[in-house]
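The values are calculated or read from the model by the stated rules, or taken from the named source; none is laboratory data. Remember, it's a predicted structure, so these values are computed and weren't measured experimentally. Here the Cβ positions follow ideal geometry from the backbone for every residue, glycine too, while neighbour counts run over all protein chains shown. These accessible areas exclude ligands, DNA and RNA; they are computed on the full protein's heavy atoms, side chains included. Shrake-Rupley method; radii C 1.70, N 1.55, O 1.52, S 1.80 Å.
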Amino acid sequence: MQVTAIQPDIAWEDKPANFERVRRLVAAARPEAGGLVVLPEMFATGFSMDVARIHEGPQREAETFLAEIARQRGVHVIGGVVSLGPDGRGRNEAVVFGPDGREVARYAKMHPFSLGGEHEHYAPGDRVVTCRIEEFTAAITICYDLRFPELYRAAVLAGADLLVVIANWPAPRAAHWAALLAARAIENQAYVVGVNRCGSDPKHTFSGHSQILGPRGMVMADAGEHEGSVAAALDLEALKAYRREFPALADIRPDLIGGR
């Protein structure tokens, strides 16, 4: 399966501008039908705390856009959106749409970035989400989640062989981004797709470096620091063979997950 990571320089809180930008980047990338296209966290607005301004609302503009891309290209699409939760706070979500334009799965970020005050504006999710994307079982996660390996271990125990991270990961911690993506791939013997933005917003700069990694932790593709896209082919049979060759996952201690 081909995976295409789209790395935009997101226009601040401007959905129409970002839709046009992503549409252009997807057209240039020419993703293969039957593949997967991944966009960053809050791809339509940037990492904003102004939930009232940017949330989807009744028109569901960003979700409609993602569904349109999926249907037109005949691919699965993952992108980050903001919904309004029942407690008045937002929900920082990743939504998956299938090639028919229908919603496949929805995940709410389980670890809001408390250092940046995200927890004051966004309610945390409460469950690991996996879904079928072609022959793969994918787990969808968002940005700060990457620092919490127990989330990914739980996903692998639920059958995941593809771990997707969508992000607005700032440049000063770019080394952590690369190290943690590799760690999640190595420890879970899974493909990892990490999709970040580039450019800047009113508070941060972003170094990009969206990556696709193999189950041994090697980088298969890196988008660099500028706007663009990168793609790689994932081979499920090769992953299964590696897991048989080096069966580390058989030695997981599930009783230690969540333990003290």
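The test for being of a type in the set (D, E, K, R), touching a residue at least 40 places away in the same chain (Cβ under 8 Å) and either surrounded by fewer than 15 Cβ atoms within 10 Å (Cβ to Cβ) or closer than 17 Å to ASN92 by Cα (or both) holds for GLU63. Taking the range 193-226 as the search range and keeping residues that are crowded, with 23+ Cβ neighbours inside 10 Å and small (Gly, Ala, Ser), which one is farthest from LEU180 (Cα to Cα)? Selected residue: GLY208. For the range 11-28, filtering for residues that are touching a Ser or Thr at 6+ places or on another chain (Cβ under 6 Å) and either open to solvent by 30 Å² or more (accessible area, probe 1.4 Å) or at pLDDT below 95 (or both) leaves 1.
Residues of the range 94-123 that are under 24 Å from PHE47 (Cα atoms) and loosely packed, with under 15 Cβ neighbours inside 10 Å: GLU103, SER114, LEU115, GLY117, HIS119, GLU120. Listed by first and then second residue, the pairs linking a residue in the range 124-142 that is closer than 12 Å to ALA158 by Cα and free of Cβ contacts under 8 Å to residues at least 60 places away in the same chain to a residue that is assigned to a loop (DSSP other than H, G, I, E, B) and open to solvent by 10 Å² or more (accessible area, probe 1.4 Å), with Cβ atoms under 6 Å apart and 6 or more places separating them unless they lie on different chains, are THR130/ALA158; THR137/GLY159; THR137/ASP161. Per the conditions (1) under 18 Å from the mean Cα position of the chain (by Cα); (2) at pLDDT below 95, the sole criterion not satisfied by GLY98 is (2).
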